[in-house]
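The block underneath contains the structure these notes are about, expressed in structure tokens.
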Amino acid sequence: MKKVFMLFIGVLSMQIGNAQNINDVVRFSTENINGTARFRAMSGAFGALGGDFSAFTINPAGSAVFSNSETAITLSNYNNDNQTSYFGTLSNREESEFDLNQAGIVFVINDIRDSNWNKITLGINVQNNDNYYNNYFATGQNTSSGIGDYFNFYADGQLLGNIAQLPGETDTETYLILGEDFGFAAQQAFLGYEGFVINPDDPNDTNTAYSPNANYDAGANHDYIVQTSGFNRKYTFNIGAQFQNNWYFGFSVNSHDVDYRERRVLIETPVDTDSGLQYAEFSNELYTFGSGISFQFGAIYKLKNLRVGASYQSPTWYNLNDELIQGLSTDFRDPNSTNDILRRDIFPNVVNAYREHQITTPAVFTGSLAYVFGKKGLISFDYAVKDFANAKLRPDNDFFVANGNIANELQAAATYRLGGEYRIKKFSLRGGYRFQESPYENGTTVGDLEGYSLGLGYNFGSMSVDIAYDRSEQTNNTQLFQVGLVDTATINNINSNIALSLSFKL
């Protein structure tokens, strides 16, 4: 069994690496449509309706609409279909996964004596804010750059005498020493130099300039594999109340649990067969974990058949930790005999553990309208706005550049949700539509999201069964690396889900 070493590194050296950047802020600031089948069938347009467990995660006053104590559980199937274009070459990956998506219980205390407060509700709901299970693959011929540019970015300015491996040192020892003494950039320079991906311009120990060991003018064939998994789970503790016959109020405290795993592998084969570098396979495995807290309050007003809702969700204050494992394998021409091809494998078996950092996501304001057609059905609309430019990475001094990028590149984004329900005796037919604006000012790094949903429910009296199908589509332009090799792969993601909920009156 191989021994894995832990190396603790400060945040500053990592912020232009594989984690703790603007992409993480967008990821943890984004909430998908999850929860009960009824909620998803109407595309989450529940801010003025309530009476649903996922509804009071949007507007906490929704719990006060419950007439009886109730419990519910939801099972979901997630499916991601990714079509990727990289320098004109198309590829496709499709994956699916089952998940217990939601579970909740609400207790209703009716008939409060000698009071204008008709009832009080206490609720607990657990559901995923987001599911990170995804997989995409990009392949194509890059006509201008390669993995040597990535390592060259970090190596420039590093003394050759520092990054070169000393006689008798193992890869683990060198990687550990460089991380402790010089940080992440020196580790990358070591991998690139010792893996023969880059060459020093001068062989002396005082050299600080380097060049890729490949002719990228001729191009390079790339296979880029990204696999992600994990979840962002939200635990909601809610109290609601109905005042007289028209007003509903609610307040929630949310605890957030983050578990995100990402594996990125780049395989490169230079087109020029005379290049010093013949083959490279570079892997990065990132694990992000931590917790967060937020709160919400809201109200619903009922006027005959009209419902009006408003809610506020505070920023979520996350405390997160990152761990990174790297590995590099290369084939290269022997510098002493250009006809011989040698292999170099560098797997330090070191976990780079970075100092805890904080992400503060933006607040969300939601306004809602709904019209109820007696017992026949309803139509509902939500408008929510979130200013992603207000997000922050902390400590501030460590993320001065990243926070500047957030303020300059992100924007306020609106979400529109429209849903309807029509009842035929004990059956309910449902449908919905949603549109979510891009959080990026350029509108292309992460594109607009558009989706629709359908659903069916049957009420047995003391038990209800609901099923929903929702589908969304979004196009993203993802950089292979944050520096050096910054070319993008265009990913068209189609996310489709089936949810089944069972609810029981207590």
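Annotations
- Within the range 405-427, the set of residues being aliphatic (A, V, I, L, M), without any contact (Cβ under 8 Å) to a residue 60 or more places away in the chain and not in a helix (DSSP H, G or I) comprises Ala412, Ala413, Ala414, Ile424.
- Residues satisfying the stated conditions in the range 292-344, i.e. free of Cβ contacts under 8 Å to residues at least 12 places away in the same chain and assigned to a loop (DSSP other than H, G, I, E, B): Lys304, Asn336
- Any hit, the range 102-109, residues being under 30 Å from Glu70 (Cβ atoms), over 27 Å from the mean Cα position of the chain (by Cα) and not β-branched (Val, Ile, Thr): yes
- Among residues of the range 202-225, those that are over 23 Å from Asp331 (Cβ atoms) and not hydroxyl-bearing (Ser, Thr, Tyr), counted: 5
- Verdict on Gln436 being modelled with pLDDT under 95, within 18 Å of the chain's Cα centre (by Cα) and not aliphatic (A, V, I, L, M): no
- One residue stands out among those in the range 131-156 that are surrounded by fewer than 19 Cβ atoms within 10 Å (Cβ to Cβ) and in a strand (DSSP E or B): the one that is farthest from the chain's Cα centre (by Cα), which is Gln141.
- Single residue of Ala468, Ala402 found to be of a type in the set (A, V, I, L, M, F, W, C), part of a helix (DSSP H, G or I) and touching a residue at least 60 places away in the same chain (Cβ under 8 Å): Ala402
- Residue within the range 169-182 that is of a type in the set (Gly, Ala, Ser) and part of a loop (DSSP other than H, G, I, E, B) present: no
- Inspection of the range 441-459 identifies at least one residue that is hydroxyl-bearing (Ser, Thr, Tyr) and within 30 Å of Val265 (Cα to Cα).
- Hits in the range 215-246 (condition: touching a Phe, Trp or Tyr at 6+ places or on another chain (Cβ under 9 Å) and hydrophobic (A, V, I, L, M, F, W, C)): Ile225, Val226, Phe231, Ile239, Ala241, Phe243
- The range 209-223: number of residues that are crowded, with 18+ Cβ neighbours inside 10 Å and touching an Asp or Glu at 6+ places or on another chain (Cβ under 9 Å): 8
- Of the candidates Leu369, Leu393, the single residue that is under 18 Å from the mean Cα position of the chain (by Cα), closer than 29 Å to Thr236 by Cβ and assigned to a strand (DSSP E or B) is Leu393.
- Matching option when the condition is touching a Phe, Trp or Tyr at 6+ places or on another chain (Cβ under 9 Å) and either under 28 Å from Gly88 (Cβ atoms) or acidic (Asp, Glu) (or both), among Arg434, Arg417, Arg471, Arg430: Arg471
- Residues of the range 351-366 satisfying the condition of being of a type in the set (Ser, Thr, Tyr) and free of Cβ contacts under 8 Å to residues at least 60 places away in the same chain: Thr360
- Residue within the range 486-495 that is under 24 Å from Ile379 (Cα atoms) and part of a loop (DSSP other than H, G, I, E, B) present: no
- Considering only residues in the range 368-386 that are surrounded by fewer than 16 Cβ atoms within 10 Å (Cβ to Cβ) and either hydrophobic (A, V, I, L, M, F, W, C) or out of contact with any Lys or Arg (no Cβ under 9 Å at 6 or more places or on another chain) (or both), the one that is modelled with the highest pLDDT turns out to be Val385.
- Some residue of the range 193-212 being more than 30 Å from Asp99 (Cβ to Cβ) and assigned to a helix (DSSP H, G or I): yes
- Residue selected from the range 1-55 under the condition modelled with pLDDT under 90 and small (Gly, Ala, Ser), by the criterion farthest from Gln482 (Cα to Cα): Gly10
Yes/no per residue for (1) over 26 Å from the mean Cα position of the chain (by Cα); (2) of a type outside the set (Ser, Thr, Tyr); (3) surrounded by fewer than 21 Cβ atoms within 10 Å (Cβ to Cβ); (4) in a loop (DSSP other than H, G, I, E, B):
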| residue | (1), (2), (3), (4) |
| --- | --- |
| Asn92 | no, yes, yes, no |
| Ser115 | yes, no, yes, yes |
| Leu166 | yes, yes, yes, yes |
| Ala189 | yes, yes, no, no |
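- Residue among Tyr216, Tyr248, Tyr193, Tyr224 that alone is under 30 Å from Asn129 (Cα atoms), of a type in the set (Ser, Thr, Tyr) and more than 32 Å from the chain's Cα centre (by Cα): Tyr248
- Comparison of Ala41, Ala61, Ala55, Ala48 shows that the only residue that is without any contact (Cβ under 8 Å) to a residue 40 or more places away in the chain, surrounded by 24 or more Cβ atoms within 10 Å (Cβ to Cβ) and of a type in the set (A, V, I, L, M) is Ala55.
The values are calculated or read from the model by the stated rules, or taken from the named source; none is laboratory data. Worth saying up front: this structure is predicted, and the values here are computed from it rather than measured. Methodologically, a virtual Cβ is constructed for each residue, glycine included, from the backbone with ideal geometry; neighbour enumeration extends over all protein chains shown.
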